[in-house]
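S.K.: Pasting a structure here, questions to come.
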Amino acid sequence: MTRGGGGIALIPTSPEQPRNRDSHYPYRADSYFQYLTGFTEPEAVLVIVVGRGDTAPQSILFCREKNMEREIWDGFRHGPDGARDAFGFDAAHAIGELDAKLAELLADRSVLWFSIGQDAGWDNRIAAALNRVRAESRSGKHAPAIIRDVRAELDAMRLVKDATELDIMRRVATISTGAHSRAMRFVAPGRFEYEVEAELLHEFRRQGCEFPAYTSIVAGGPNACVLHYVGNDQILRDGDLLLIDAGGELNGYASDITRSFPVNGRFSGPQADVYSLVLDAQAAAIAAVRPGATFADPHEAALKVLAQGMIDLKLLSGTLDAAIESESYKRFYMHRTSHWLGKDVHDAGEYKAGENWAPLAPGMVLTIEPGCYIRPADDVPKAFWNIGVRIEDDAVVTADGCEIITDAAPKKIADIEALMRDGRGG
């Protein structure tokens, strides 16, 4: 926000969501609100005001009041005074006072920053407050003449992580790699996908994660060729591959890891061929991550390796250039290689600046996740049917390259087979 004329930003947290009668989904604060405040209670709003003239900027929280009866039922509440002291707000008020104070806060501010269109109820609430200010125009008050989407500014801030954020992301990466290793040791023919999911969730929570960062994908055999498979209810069969895409969330920050490995602990020849291709593609993508490169560079590096490998395995015909130009590779690789990672799994931040892909800079965090998914078809060698492989790691852009913070989860064929063999005691 600019200081001239004064400005105001309003960022509400997420509402609680009912699951069914007398039951709510576990509460998770809005990512933007949590990013700015660290405050995780529902029914809260952050107001940031840049003063008129030389008045210092202020952060003001509106939150639930202390209520001993509700705390007996639902747990601790900070209350306005407690939240101000614990989190360092300049001022704090009861959430019930927001509407009465909102017109006063908006009056004579030149710019309002708000998540326009995100929630119709909040849009109407803001409109009503603006109208109350306009109704007092004869007394010399004026409403903000400019309304801007605060998410654009916050997205740019969130794109580059500071040292504290990166420490949290390294910690949750360590927890999540441990969960993947635990799953590899546990998997065996005859177990169900949901049993493996339970091992992941147990390790996330045991190590301090508040939630999984997203619904875990535990996809055996043909299910691995479904990109967002979350049924997790099928039996694991000898001879199939298992694809696990799962990560924990810690202090609001996500990890995102995928590993693919054989249910019986031993890669077959065709499985090893496809897996090695994807691993080579990931290595090429990782080598392309460095300051000054663009967001698209890792994808393009992985794509060249994947497309050539598909030709070599007789999945595609023709030349590499023809496969890329015609996009025939998309039959087996239909998604991009990366996305931003942070408070959201697909985190805030633009991927392009105008027509150009965003340049990478130190402190950015992105996934590197090439894959190859081969469904049965008459023109596909039968040995490759139902092989789905994705290998995904989390990369922090550094001053001279990148740091893979999820590398502890085994991904070399020999390391996976050794872990699974040792985990089963032989």
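S.K.: Considering the options Ala92, Gly140, Phe332, tell which one lies farthest towards the positive end of the dipole of the chain, charges being +1 on Lys and Arg and -1 on Asp and Glu at the Cβ, about the Cα centre.
M.R.: Gly140
S.K.: Another question, if that's okay. With a 10 Å Cβ neighbour count serving as the proxy for reagent exposure, in which order, fewest first, do His142, His339 appear? Could you put the intermediate results ahead of the total?
M.R.: On the way: His142 14, His339 17.
Taking fewest neighbouring Cβ atoms as first place, the list is His142, His339.
S.K.: Hey, another quick one. Give me the extension gain from Val160 to Arg70: residue separation times 0.36 nm, minus the current Cα-Cα distance, reported in nm with one decimal. Don't jump to the answer; show the numbers that get you there.
M.R.: On the way: separation 90, 0.36 × 90 = 32.40 nm, distance 3.89 nm.
Computed gain between Val160 and Arg70 is 28.5 nm.
S.K.: Once each part is reduced to its C-alpha centroid, what is the distance from segment 233-312 to segment 38-99 in angstrom?
M.R.: Each part's Cα centre sits 44 Å from the other's.
S.K.: Rounded to the nearest 500 deg cm²/dmol, what is the calculated helix-only ellipticity per residue at 222 nm for the chain, with -39500 (n - 2.57) per DSSP H run of length n ≥ 4? Before the final figure, lay out the partial values.
M.R.: On the way: 12 runs with 149 residues, N = 426.
Theoretical 222 nm ellipticity from helices: -11000 deg cm²/dmol.
S.K.: If you don't mind, another one. Note down the nm distance, to one decimal, between modelled labels 7 Å out along Cα→Cβ at Ala408 and at Glu136.
M.R.: Result: 5.6 nm between the two label points.
S.K.: Given the pairs Lys330/Lys382; Lys330/Lys412; Lys304/Lys352; Lys66/Lys343; Lys304/Lys330, which are separated by over 23 angstrom at their Cα positions? Present the calculation step by step, with values, prior to reporting the outcome.
M.R.: Values: Lys330/Lys382 19 Å; Lys330/Lys412 25 Å; Lys304/Lys352 21 Å; Lys66/Lys343 28 Å; Lys304/Lys330 12 Å.
Exceeds cut-off: Lys330/Lys412; Lys66/Lys343.
S.K.: With label points built 7 Å along Cα→Cβ from the Cα atoms of Asp167 and Val230, find their separation and express it in nm.
M.R.: For Asp167 paired with Val230, the spin-label model returns 3.3 nm.
S.K.: Based only on other Cβ atoms within 10 Å, what is the fewest-to-most ordering of Lys343, Lys141?
M.R.: Numbers: Lys343 23, Lys141 16.
Starting with the residue having the fewest Cβ neighbours, the order is Lys141, Lys343.
S.K.: I've got another one for you. If you look at just the Cα atoms of segment 7-157, how large are its Rg and its Dmax in Å?
M.R.: 16.2, 51
S.K.: Pulled fully out, how much extra length does the chain show between Glu210 and Glu355, if you take 0.36 nm times their separation in residues and subtract their Cα-Cα distance? Mind showing how you got there, number by number?
M.R.: Details: separation 145, 0.36 × 145 = 52.20 nm, distance 3.87 nm.
Extending this stretch completely gives an extra 48.3 nm.
S.K.: Let me know the shape class of segment 160-423, please: from the alpha-carbon gyration tensor, a ≥ b ≥ c as square roots of the eigenvalues, rounded when a/c is under 1.5, otherwise prolate if a/b is greater than b/c, or oblate. Spell out each step's value before the answer.
M.R.: On the way: a/c = 1.89, a/b = 1.05, b/c = 1.80.
Oblate shape, in that a/c is at least 1.5 and b/c is the bigger or equal ratio.
Each value in this text was obtained by applying a stated rule to the coordinates, not by laboratory testing. In this text the structure is predicted, and so the values were computed from the model without any measurement. Virtual Cβ from ideal backbone geometry, glycine too; neighbours counted across all protein chains shown.
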